[in-house]
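Comments concern the structure below.
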Amino acid sequence: MSKRLIKNIEDLNFMPFDNYGKPVEGMSWHKISYDKNNGGFGTYILKMDPGAKSLPHVHQGYEEFYVIDGELQDADGKIFKKGDFVTFEPGTEHNSHTKNGCLLIVFMRGINKSI
């Protein structure tokens, strides 16, 4: 017998984003299957408030995300818009920020390491 978990994006419980230890201001997440203790594999929904900035980090494994709403700007100036699907390969170093806020679904295959 298989098990199934169904979540509606309108009913998610967001918690402070604390994947690097202490919470990052303006960022919150809802873990779907993500488990840092299981090698950092899984999926989560990430909400970034207007003006929020991610911490500089390096990807140990692949990270992919889909922009559900809003825009996110990477440190190199590239803007990811609603509907974009983005892949970061292992070894990629970066950080991002959002001017007006954004909502992402993130697929992790390894723990990111803060720089």
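We did not get these values from a lab; they are worked out from the coordinates using the rules stated. Worth saying up front: this structure is predicted, and the values here are computed from it rather than measured.
Over region 24-114, what is the relative contact order in percent, taking alpha-carbon pairs closer than 8 angstrom and at least six residues apart? Show your work: numbers first, answer last.
Details: 255 pairs, mean separation 35.4, N = 91.
Relative contact order comes out at 39 percent.
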Cα-Cα over 20 Å: which of Lys3/Lys36; Lys47/Lys82; Lys47/Lys99; Lys31/Lys99; Lys53/Lys82; Lys7/Lys78? Lys3/Lys36; Lys31/Lys99; Lys7/Lys78
Under 5 Å between amide hydrogens, which residues at least 5 positions from Phe80 or on another chain qualify, with H placed 1.01 Å from N in the peptide plane? Leu72, Gln73, Asp74
From the backbone phi of region 82-97, what are the Karplus-calculated ³J(HN,Hα) couplings (6.51 cos²θ - 1.76 cosθ + 1.60, θ = phi - 60°) in whole Hz, Gly and Pro given as x? 3, x, 6, 10, 10, 10, 10, 7, x, x, 5, 10, 5, 8, 9, 8
The alpha-carbon pair-distance distribution computed for the chain, with 10 angstrom bins and whole-percent values, is 14, 49, 32, 5, 1
